[in-house]
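All remarks here apply to the structure that follows.
The values are calculated or read from the model by the stated rules, or taken from the named source; none is laboratory data. Predicted, not measured: the structure shown is a model, and the values here were computed from it. Methodologically, a virtual Cβ is constructed for each residue, glycine included, from the backbone with ideal geometry; neighbour enumeration extends over all protein chains shown. Areas reflect the complete protein model, heavy atoms only, side chains present, ligands, DNA and RNA absent. Shrake-Rupley method; radii C 1.70, N 1.55, O 1.52, S 1.80 Å.
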Amino acid sequence: MLPTALLLIFGLTLAADASTPSQVEKLPYKLPLGGGCQLSWNFNWRANFIVFNVEVPQGTTVVGLGFSDRGKVEGADFGIVYIDASELLTIADFRVTEDKTLKRQPKSEYELKAWDTDGKTIVLTILRPIRPKELTFYKIDRGTTHLLFFKSPFVWDRLQDYDVSEHLVQLIKSQLPIPPPQPDTKQMEVRVSGVQVPSSETTYWCRVVRLPEMREQHHIIGYEPVISKGSEGLVHHLEVFLCVEDLPESVRDYDAPCNSETKPLGMTSCRKVIGAWAMGATGIFYPSEAGLPIGGRSGRSGTQYAVIELHYNNAAGKSGLVDSSGLRFYLTRRLRKFDVGIIELGLDYLPYSAVPPGEPRFELTGFCLPKCTNEGLPPDGIKIFASQLHTHTTGVRVKTIHHRPRHFVRVLNDDKHYSPHFQEIRLLPEPIRVLPGDALVTTCTFDTSKRRNVTLGGLTINNEMCLNYVFYYPKSQLELCKSIVSDNTLDRFFKKMNVLYGAETSRKKTIEENYQSIEWGRMEVAALKQMYRTGRIHQSCNSSSGVEISGHNWDNLKPIDYRNQEPETRDYRLHI
């Protein structure tokens with residue numbers, strides 16, 4: 001620990017040199033870090049650097065900015081700003097050992113480019129490679145990043161002596177130019193109202209909102225967050241769901257704790273995602289030729305409802321917090337060329353899917369087969385421009401592959417460090433055209449290492465889901481393209497479990513009871529994986545009316561195997 005006299009040098013030194021302001025690029029992305037601290041950043045993918053401005057209160061002596069695999073501090077790499085023996089402000093690279101000791105690294109990946117102060121706040125400008133040359137350092141991608149941060153008036157050798165906070169954020173964002181709203185654009189806010197936030201660490205809150213009456217159809221062209229003053233670090237993420245059917249009067253005034261899976265049954269029609277935001281995200285605006293239709297409902301009433309769901313993260317357990325946050329939507333009556341549509345990809349949320357207990361990385365895959373896109377998409381195809389991934393609490397990775405048989409395989413979206421507590425609609429680096437006859441394959445990875453019982457697909461929070469909502473244009477008749485293992489395949493699996501492994505499975509039992517009757521050992525888990533890899537599937541290929549697109553038998557179809565297909569040479573992961 002540094003002596004007390006030296007602790008004052010940080011503030012005095014910066015104050016003496018404050019006439020040298022930092023020269024940095026515009027940093028449009030912001031993330032509150034708590035305790036009066038904020039992170040701003042920008043990046044250049046091709047030049048392989050990301051630049052941060054870290055704002056901390058005057059008097060801070062040590063600042064640490066780090067990256068880790070899923071928030072685990074062991075093995076994390078840090079750039080730590082401190083005063084060295086020569087009483088100079090410097091930065092050094094550290095790696096956290098298994099006993100949480102900070103070990104200085106011989107090679108430097110972090111660089112302190114500049115600093116500034118106004119006497120109250122210190123601004124540190126830190127440069128770091130996106131893809132470091134040092135293999136042991138964290139490589140940032142366009143998925144979720146687990147960022148670690150601490151500040152302190154003291155210097156310690158052990159990380160556990162610092163108050164380290166974890167922040168989930170997407171650092172590498174799409175940088176496609178999006179036109180700003182026009183002067184005739186209307187605004188519509190969907191917010192909670194004066195919520196008395198509980199002192200518990202985690203609260204999900206839902207409110208039904210009556211939307212302004214729109215007898216004529218409008219287009220939503222974008223939205224941005226409206227976060228109440230003082231709630232910047234409290235609101236973790238939020239979603240707005242449009243109710244596709246009229247709501248019963250009994251739930252029209254609902255305003256209470258809930259989540260997407262446990263809201264009252266009368267609100268189950270409120271499932272169409274029209275907006276999602278998470279801490280560290282900016283607003284999202286659609287391509288200039290497309291808008292999401294809203295309003296203009298047939299009949300005597302133009303009334304429509306939405307549900308806003310907020311996740312509060314009250315880590316300090318404070319009482320008396322009041323919040324009225326939400327989203328501000330931008331709408332226009334000047335309809336754009338194309339309607340935006342949303343297709344739900346992945347797995348049907350039914351108990352046909354199962355994840356055995358004690359599995360750190362177990363994969364389930366849902367298919368949108370060429371047969372379905374051939375029927376549901378227009379001849380010229382669609383352009384997917386945004387994506388929202390979704391699982392419940394054991395999901396750790398979600399990936400969607402775009403496969404054009406005999407031509408290419410490419411990644412549509414892949415969040416390798418996915419967290420169910422950080423879900424937002426994300427623009428793709430560039431729109432991806434999907435043609436009739438293409439396949440979209442969504443794979444979710446689950447971690448049930450802390451569970452003792454099998455986890456089944458379903459609606460409750462203790463069940464699991466594997467979904468990707470893709471936003472696209474022009475809108476087609478296809479709204480849902482998901483799969484599930486077929487009845488015949490599952491029947492044969494349960495019979496195999498009974499005959500070969502002595503499980504008490506039976507045709508007289510329900511699917512849930514059969515899965516729960518299996519003692520999940522190494523052989524049983526291997527057999528389940530083989531069933532999901534090779535078994536036949538049922539394809540749900542549904543139109544916007546909720547019924548299957550007719551003219552085909554969607555049962556006992558063969559899943560597509562894209563793994564032997566050559567990947568497309570062009571890099572679709574990032575074009576920035």
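Things to note:
- Among the residues making up the range 472-489, none is closer than 14 Å to Pro436 by Cα and in a helix (DSSP H, G or I).
- The number of residues in the range 402-447 being open to solvent by less than 10 Å² (accessible area, probe 1.4 Å) and more than 22 Å from the chain's Cα centre (by Cα) comes to 4.
- Subset of the range 305-321 (residues that are on the phi < 0 side of the Ramachandran plot, open to solvent by 20 Å² or more (accessible area, probe 1.4 Å) and either modelled with pLDDT under 90 or in contact with a Ser or Thr (Cβ under 8 Å, 6 or more places away or on another chain) (or both)): Asn313, Ala315, Ala316, Lys318, Ser319, Leu321
- Conditions (1) open to solvent by 30 Å² or more (accessible area, probe 1.4 Å); (2) in contact with a Pro (Cβ under 7 Å, 6 or more places away or on another chain); (3) not charged (D, E, K, R): number failed by Pro106: (2)
- Residues in the range 175-201 that are under 23 Å from the mean Cα position of the chain (by Cα) and closer than 22 Å to Pro212 by Cβ: Glu189, Val190, Arg191, Val192.
- Scanning the range 485-512 for residues that are within 33 Å of the chain's Cα centre (by Cα) and open to solvent by 90 Å² or more (accessible area, probe 1.4 Å) yields a total of 0.
- Check on Gly71, part of a loop (DSSP other than H, G, I, E, B), in contact with a strand residue (DSSP E or B) (Cβ under 6 Å, 6 or more places away or on another chain) and either farther than 28 Å from Asp157 by Cβ or at pLDDT below 90 (or both): yes
- Conditions (1) at pLDDT 90 or above; (2) outside any strand (DSSP E or B); (3) surrounded by fewer than 16 Cβ atoms within 10 Å (Cβ to Cβ); number of the one not met by Pro132: (3)
- Condition met for Ile518 (touching a Leu at 6+ places or on another chain (Cβ under 9 Å), open to solvent by less than 80 Å² (accessible area, probe 1.4 Å) and part of a strand (DSSP E or B)): no
- Test result for Thr332, among the β-branched types (Val, Ile, Thr) and not assigned by the TED database to the domain that holds Tyr204: no
- Any hit, the range 114-122, residues being touching a residue at least 12 places away in the same chain (Cβ under 8 Å), in contact with a Leu (Cβ under 7 Å, 6 or more places away or on another chain) and in a loop (DSSP other than H, G, I, E, B): no
- Being of a type in the set (Asp, Glu) and on the phi > 0 side of the Ramachandran plot holds for only one residue in Glu87, Glu98, and it is Glu87.
- Residues of the range 498-524 that are touching a residue at least 24 places away in the same chain (Cβ under 8 Å) and touching an Asp or Glu at 6+ places or on another chain (Cβ under 7 Å): Tyr501, Ile518.
- Out of Phe78, Phe154, Phe149, sole residue that is in contact with a helix residue (DSSP H, G or I) (Cβ under 9 Å, 6 or more places away or on another chain) and in a strand (DSSP E or B): Phe78
- Among the residues of the range 416-470, those that are assigned to a loop (DSSP other than H, G, I, E, B) and of a type in the set (D, E, K, R) comprise Lys416, Glu424, Asp438, Asp447, Lys450, Arg451, Arg452.
- Residue list for the range 323-342, restricted to those being in a strand (DSSP E or B) and open to solvent by less than 30 Å² (accessible area, probe 1.4 Å): Asp323, Gly326, Leu327, Phe329, Tyr330, Leu331, Thr332, Gly341, Ile342
- Restricting the range 448-462 to residues that are at pLDDT 90 or above and of a type in the set (S, T, N, Q), the residue that is surrounded by the most Cβ atoms within 10 Å (Cβ to Cβ): Thr455
- Those residues of the range 200-230 which are among the basic types (Lys, Arg) and crowded, with 17+ Cβ neighbours inside 10 Å, in sequence order: Arg207
- Exactly one residue among Leu242, Leu238 is closer than 30 Å to Lys26 by Cβ and either hydroxyl-bearing (Ser, Thr, Tyr) or under 23 Å from the mean Cα position of the chain (by Cα) (or both), and that residue is Leu238.
- Verdict on Asp348 being touching a residue at least 60 places away in the same chain (Cβ under 8 Å) and among the acidic types (Asp, Glu): yes
Quick grid of which residues meet (1) hydroxyl-bearing (Ser, Thr, Tyr); (2) part of a strand (DSSP E or B); (3) surrounded by 21 or more Cβ atoms within 10 Å (Cβ to Cβ):
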{"position": "Glu344", "(1), (2), (3)": "no, yes, yes"}
{"position": "Leu350", "(1), (2), (3)": "no, no, no"}
{"position": "Asn374", "(1), (2), (3)": "no, no, no"}
{"position": "Lys383", "(1), (2), (3)": "no, yes, no"}
{"position": "Thr393", "(1), (2), (3)": "yes, no, no"}
